[in-house]
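Asks: I am attaching a structure below and will ask some questions about it afterwards.
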Amino acid sequence: MTALSALSTDNESLAMAAYHESIRAFDLDVLELSFPKLRRPKDVEHSCDEADCRICAPLSQATLEKIRHYVCLMYRLITEQDAREHVDDFKSNKWLLDYELALEAVDTPVREGGSVKAREKKQRLQVLAQLCDAVHTDEYLELAAAYRKVVDQLPGDDPDDRPAPETKAEAEKDLQRIRAALRAEWEAMDGPLDPERMDNLLYCATVFGMGADDSFAPIRTDWWRASYLPDREVPGIGKPGNLIEITDDEVWLRVPSCSKEPQNSCEINVGHDSPLLADILRRYRDIALAQNDGFLFRPCGMPARKSRRPRAMMKLLRPGPCPHENQCTRCHETFRCGKNGRRLCQCTEAGKRARPDCGSWCGPGCGHYTNLMGRHKRVCAALGNVQEREELAASMGTTKAQMERYGNGSGSVGQ
């Protein structure tokens, strides 16, 4: 060994010793987001003055909150205690030493009847290994290596391990339920029409149709910019409006310029595809002219417009009361009260957005599956004459891939 190589080895040893000493001396407090920046052996000697250096930069707030979330979760699964209620026991880190119990906790679902996928198991074990590294005594470093060995042995997520898609028959059955709910809402409107209720009804009816035998399945849902008056521009958006043309015998939606493909246009015979919807459009005309400046829906900005239709669907088309009332549908924890009325849960502590409402993330197993916009796209293949809609798509310059995305549901529904 040359003198230069020996000096280099000594420098590496000194840097490694300084690193180990700094980690052991660090004021570790997971609950208060105080966690050391762990380094790989090859990065121990690295130092620079770059502000955005990935190695030198401290842990981000999101990373710290994620570590806290998983550490607190594993403590609860291992000890059946809350970390904030047993702070001293939690901070002692002795609960990490029960290796067998920790491995059992890795496979324990958060809620009864649930399951833990391979990716989640790896994340749970990795955070335990990180905490052992942060404690940094010989005993805990050996335990960290044991946890990481198990992580390396775990299989990856199986892409085929997904819930089976709903069948076309199941999708069609729910479409009939949706249309029945819309007809019931229409029949419940006795006397003068309530503009707010009509707004919600029309947001849903123009997507799904109303009659049990409707062939209504528009390739584009361009009703949001429809007007009873010709040559209108949608306020606040600057897009040309579509015309609802009413004659003695027919009701048409004429789209002179598609919102996604401005060079294309199309026309939908509403009276033929959905007679009941056509009758409602006739009856609603006077209200729209008087209160909405001729537009089918109340004029508003794009952010509000994008939220109105999902809200209308949740209000009218859900199959029943939400089974997750006052719970986060991501972590399944009952909300706690926070400052200024904020609802807190494990997700908010980890820096994630809480999910207080049922939605597409609940999945079919929830029994309250309400991905309604996706439902429209999946059942379109069963509505009306597919060949006619394919010809319409071709005349609009729409490719097969775009047709599958916007209309015919190909590949989305099992046979």
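The values are calculated or read from the model by the stated rules, or taken from the named source; none is laboratory data. All of these numbers come straight from a predicted model, not from anything done at the bench. Virtual Cβ from ideal backbone geometry, glycine too; neighbours counted across all protein chains shown.
Asks: If we keep just the residues of segment 149-172 that are farther than 18 Å from residue 116 by Cβ and surrounded by 13 or more Cβ atoms within 10 Å (Cβ to Cβ), which is modelled with the highest pLDDT?
Replies: 172
Asks: Is it true that residue 305 is assigned to a helix (DSSP H, G or I) and surrounded by 17 or more Cβ atoms within 10 Å (Cβ to Cβ)?
Replies: Yes: the conditions hold for residue 305.
Asks: Determine whether segment 28-46 contains at least one residue that is free of Cβ contacts under 8 Å to residues at least 24 places away in the same chain, within 32 Å of the chain's Cα centre (by Cα), within 30 Å of residue 349 (Cβ to Cβ) and part of a helix (DSSP H, G or I).
Replies: Scanning segment 28-46 turns up no residue that is free of Cβ contacts under 8 Å to residues at least 24 places away in the same chain, within 32 Å of the chain's Cα centre (by Cα), within 30 Å of residue 349 (Cβ to Cβ) and part of a helix (DSSP H, G or I).
Asks: Restricting to segment 98-142, what's the tally of residues that are in contact (Cβ under 8 Å) with a residue 12 or more places away in the chain, polar (S, T, N, Q) and either over 26 Å from residue 334 (Cα atoms) or in a loop (DSSP other than H, G, I, E, B) (or both)?
Replies: Total satisfying the criteria: 4.
Condition check ((1) surrounded by 12 or more Cβ atoms within 10 Å (Cβ to Cβ); (2) at pLDDT below 90) across all residues:
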| position | (1), (2) |
| --- | --- |
| 29 | yes, no |
| 42 | no, yes |
| 46 | yes, yes |
| 51 | no, yes |
| 57 | no, yes |
| 60 | no, yes |
| 63 | yes, yes |
| 72 | yes, no |
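Asks: Residue 81 fails exactly one of the following numbered conditions: (1) polar (S, T, N, Q); (2) over 19 Å from residue 136 (Cα atoms); (3) part of a helix (DSSP H, G or I). What is the number of that condition?
Replies: Every listed condition holds for residue 81 apart from (3).
Asks: Would you pick out the residues in segment 315-332 that are surrounded by fewer than 17 Cβ atoms within 10 Å (Cβ to Cβ) and either of a type in the set (Ser, Thr, Tyr) or not in a loop (DSSP other than H, G, I, E, B) (or both)?
Replies: Correct list: 315 only.
Asks: Okay, next question. Identify the residue in segment 282-302 that is over 17 Å from residue 192 (Cβ atoms) and in contact with a strand residue (DSSP E or B) (Cβ under 9 Å, 6 or more places away or on another chain) and, among all such residues, is surrounded by the fewest Cβ atoms within 10 Å (Cβ to Cβ).
Replies: 293
Asks: Could you tell me whether any residue of segment 197-214 is more than 18 Å from residue 181 (Cα to Cα) and at pLDDT 90 or above?
Replies: No, segment 197-214 has no match at all.
Asks: Continuing with the same structure: Please enumerate the residues belonging to segment 262-302 that are in a helix (DSSP H, G or I) and at pLDDT below 80.
Replies: 302
Asks: Among all residue pairs at least 6 apart or on different chains, which show Cβ distances below 6 Å where the first residue, located in segment 276-294, is in the same structural domain as residue 186 (by TED's automatic domain parsing) and the second is loosely packed, with under 14 Cβ neighbours inside 10 Å?
Replies: 294/229
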